[in-house]
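The values are calculated or read from the model by the stated rules, or taken from the named source; none is laboratory data. Please read these numbers as outputs of a predicted model, since none were measured by experiment. Note: ideal-geometry Cβ built from the backbone for every residue, glycine included; neighbour counts use all protein chains shown.
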Amino acid sequence: MTTPEPVILIENLVKRFGDTTVLNGINLGIMPGETMIIMGGSGSGKSTMLRCMIGALRPEEGTVKLFGRNLAELDETGLNGVRKQFGILFQSGALFQSMTIAENVALPLQEHTTLDASTIEIMVKIKLEQVGLREHAEKYPAQISGGMKKRAGLARALALDPKILFYDEPSAGLDPVTSAEIDRLIIDLTQKLGVTSVVVTHEMDSAFTIADRMAMLDKGRMIMVDTRAEYERLRDTPKDRAEGLDETQQLIRQFLRGDAEGPITRRKAATGYAEDLLGSAGGPSDRAPSVEATRVV
């Protein structure tokens, strides 16, 4: 039996903005039908990595391949062809406020297929039923809750029957019960439709509920890619045994547990905040102010 090829393959990915390297040598393969969690602290490079995976950003070095095709080598027509094979649930839902929920879901079908209006209407009802919103089809985004907006955005992402679904912080801003409902919906869709799910999040309860594998970024580097069970082992390591872990494992454990003490907080404390505030000698900085006063005192 042959081993399936990764549906997403990232090799030696480097992304810079000016002199700042945001992603540095990222390697990751995501297999068909699995749910991969991408996580890390603020500024770790999660969102930039997601934008590279959907072709919104081109890397300075390395490759990002979807379905075996190098995104950097495709023109806009080629990219659009690949984009039709994946859907994206944006953090805010990104619904058009002047359109009903049904009209939002219908838009990709109108733009990218030759289906007639009656067929599109049936397809929209199917997608809304999959996320539990068929009875709310004629409402506008302003008339529904935050969780319902996420589900409506997911229905739109499903419109073209994608092979990959990208989720950008799907639980952000939701109460615990609604967040759990979104998690269950992600699991159900993945199992029933066989799609590959890539979820960018820092919500650990959600991550451990839906993940098959998990990947953690830190300061632009991929520091661990492993099964959910291995991450659970690190998270549940007792404090008296945690000192036996190496620095990277301790950092991951602190992040997973949300502990106030550990390598992450020690690193922040070592950044020289006081010196940056007061100047290297502890007194006023001799650097010119960024804004000159205009009033004479």
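Annotations for the structure displayed:
- Residue match in region 151-163 (condition: surrounded by fewer than 19 Cβ atoms within 10 Å (Cβ to Cβ), in a helix (DSSP H, G or I) and not hydrophobic (A, V, I, L, M, F, W, C)): no
- Criterion: at pLDDT 90 or above, in contact with a strand residue (DSSP E or B) (Cβ under 6 Å, 6 or more places away or on another chain) and not in a strand (DSSP E or B) - qualifying residue of Leu50, Leu57: Leu50
- Considering region 92-116, the residues that are crowded, with 17+ Cβ neighbours inside 10 Å and in a loop (DSSP other than H, G, I, E, B) include one that is nearest to the chain's Cα centre (by Cα), namely Gly93.
- Sole exception among (1) assigned to a helix (DSSP H, G or I); (2) within 22 Å of Thr113 (Cβ to Cβ) for Glu135, by number: (2)
- One residue from Thr201, Thr196 being among the polar types (S, T, N, Q) and under 23 Å from Arg257 (Cβ atoms): Thr201
- Residues in region 217-256 that are out of contact with any Ser or Thr (no Cβ under 9 Å at 6 or more places or on another chain) and in a loop (DSSP other than H, G, I, E, B): 5 in all.
- Restricting region 236-268 to residues that are in contact with a Phe, Trp or Tyr (Cβ under 8 Å, 6 or more places away or on another chain) and free of Cβ contacts under 8 Å to residues at least 60 places away in the same chain leaves a set whose member that is farthest from Asp205 (Cα to Cα) is Ile252.
- Take the conditions (1) under 20 Å from the mean Cα position of the chain (by Cα); (2) within 15 Å of Met36 (Cβ to Cβ); Ser179 misses just one of them, which is (2).
- One residue from Gly81, Gly25 being touching a residue at least 40 places away in the same chain (Cβ under 8 Å), out of contact with any Phe, Trp or Tyr (no Cβ under 8 Å at 6 or more places or on another chain) and either in a strand (DSSP E or B) or small (Gly, Ala, Ser) (or both): Gly25
- Scope region 188-213; condition in a helix (DSSP H, G or I) and within 20 Å of Phe90 (Cβ to Cβ); matching residues: Leu189, Thr190, Leu193, Ser206, Ala207, Ile210
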